[in-house]
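Data first, discussion second: the structure below is written as C-alpha cells.
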Amino acid sequence: MHKSGFVSIIGRANVGKSTLLNNFINQKLSIVSSKPQTTRNNVIGILNDENYQIIFTDTPGYHKPRYKLGNYMIKSISDGLKETDIIIFVANIRKEIPRLDLEILEKIKDFNIPKIFVLNKCDEINSKDIMDVLSRYSKILDFNEYIPISALNGKNVDKLLGLILKYLPNGPKYYDSDQMAANNEKFFISEIVREKILKLIRDEVPHGVGVEIVSMKYDDEKKKYNIEGNIFCDKETHKVIIIGKNGEMLKKISTYSRQDMERFLGSKVYIRMWVKVRNNWRDDNNHLKSLGYK
Ligand SMILES: Nc1nc2c(ncn2[C@@H]2O[C@H](COP(=O)(O)OP(=O)(O)OP(=O)(O)O)[C@@H](O)[C@H]2O)c(=O)[nH]1
Ligand SMILES: [Mg+2]
C-alpha cells in the first residue's frame, strides 16, 4: 500500500527546524542561520520514495510578534497545521521548559493527530540530560513518540523517518514523484539573498531586511540567468551597513548569493541588487504583500 501525508515541523525559533527539513530532503531548501526568526514563510519539502510521499512543512519559529510581519509568520504556523497528518514538535534542551514551548503545546494538544517530540541538537548534550528533558515534556503533553536527534550531523534522523512512516496514512502521491519543492523559484532565489545577509551582517539589521526579486530571465544566447532585485531595509543607517564601504558588503552579498543560485538553478547567473529604504515596511500591509508575506 502506498503511504502519503503532510507533516508539519513546528517549534520555537532557532531550534533547528529548517536544518531538519534540509536533512530529510537532502537538499538545502530552507535557509538556516544562527539567528532566531530566520524562516518567515512555510517552506514545503517533498520526500519521495517508491512506497511513500511525505510533504513536510517547515514553519517559522514560534515567537511573540512585534510587527505585522511577525503576525504573518505566526499565521503561517497555524496554516501549516490545518491540513496536517502528523506534527513534529522540535525542542532544544533548556534548564526549564520555555514559556513559548508551553504555549505551542497548549495550541497543539487538542489536535487529534499523531505528535512526535523531537529533541534536537543532541550532539551537544549527554544522555542523562536527554532522558530528563524527554520526561519533563511528556508530563506536559502525551506525545505518541519521543526521539533525540541531531539534525546537523544526521544522528537518528533515519529513525525519526521510520516513526513518521509508522503513522503516515495510506494515500496517493499528491505531487509528481520528481518534485522536491512546492514554493516557486523566485522565492528560493530571494531566500538565498536573505540568508547571505543573515550570515554576513550582525545584530538587528537582517531582521529588518526584505528581498524582492524583480526580474529573472534566462538569456538563451549567453546561457545564463539575469536576476535583478531589491533589498529593502528599515533605516538609512542599515542601508549604509548593507552597502558597506565602497560597496564591498553588497558585493560580498551578491557574490555569495550568485554562487548558491548557480548551484540551485544549475546555470550561470548574473545578479544585480539595489538597496532601498522603506521605513517600517514590516508593519506595512501592502509592502508585506509585495514581498510575498500575505
Ligand atoms: N549543534 C547543533 N546545531 C544545530 C542542529 N540543528 C541546527 N543547528 C543550528 O541551529 C541554528 C538554527 O538552525 P535553523 O535550522 O535555522 O533553526 P530554525 O528552527 O529553522 O530557526 P527559525 O527559522 O528561526 O525558526 C543554526 O546555527 C544551525 O546550524 C543540531 O542538531 N546540532
Ligand atoms: Mg527555520
Q. If residue 212 satisfies every condition in (1) in contact (Cβ under 8 Å) with a residue 40 or more places away in the chain; (2) open to solvent by 10 Å² or more (accessible area, probe 1.4 Å); (3) closer than 23 Å to residue 25 by Cβ but one, which is the exception?
A. (3)
Q) Here are some conditions: (1) open to solvent by 100 Å² or more (accessible area, probe 1.4 Å); (2) under 15 Å from residue 190 (Cα atoms). Residue 279 meets all but one. Which one does it not meet? A) (2)
Q. Based on what the data block shows, is residue 43 within 9 Å of ligand 2 (Cβ to nearest atom) and touching a residue at least 24 places away in the same chain (Cβ under 8 Å)?
A. yes
(Q) Restricting to segment 109-151, give me the number of residues that are acidic (Asp, Glu) and either touching a His at 6+ places or on another chain (Cβ under 7 Å) or within 17 Å of residue 165 (Cα to Cα) (or both). (A) 1
Q | Every residue from segment 153-181 that is crowded, with 17+ Cβ neighbours inside 10 Å and in a loop (DSSP other than H, G, I, E, B) | A | 156, 168
Q.
Restricting to segment 108-133, and then to whatever is away from ligand 1 (no atom under 14 Å from the Cβ) and in contact with a helix residue (DSSP H, G or I) (Cβ under 8 Å, 6 or more places away or on another chain), can you tell me which residue is most open to solvent (accessible area, probe 1.4 Å)?
A. 111
Q | Answer residue from segment 24-40, given it is surrounded by fewer than 20 Cβ atoms within 10 Å (Cβ to Cβ) and more than 6 Å from ligand 1 (Cβ to nearest atom) and is farthest from residue 193 (Cα to Cα) among those | A | 26
Q. Is one or more of the residues making up segment 79-91 open to solvent by 20 Å² or more (accessible area, probe 1.4 Å), touching a Phe, Trp or Tyr at 6+ places or on another chain (Cβ under 7 Å) and away from ligand 1 (no atom under 11 Å from the Cβ)?
A. yes
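The values are calculated or read from the model by the stated rules, or taken from the named source; none is laboratory data. Since we're looking at a predicted model, the values are computed, not measured. A quick note on method: Cβ atoms are made from the backbone with ideal geometry, for glycine too, and the neighbour counts reach across all protein chains shown. Side chains are part of the model used for accessible areas, which takes the heavy atoms of the whole protein and leaves out ligands, DNA and RNA. Shrake-Rupley method; radii C 1.70, N 1.55, O 1.52, S 1.80 Å.
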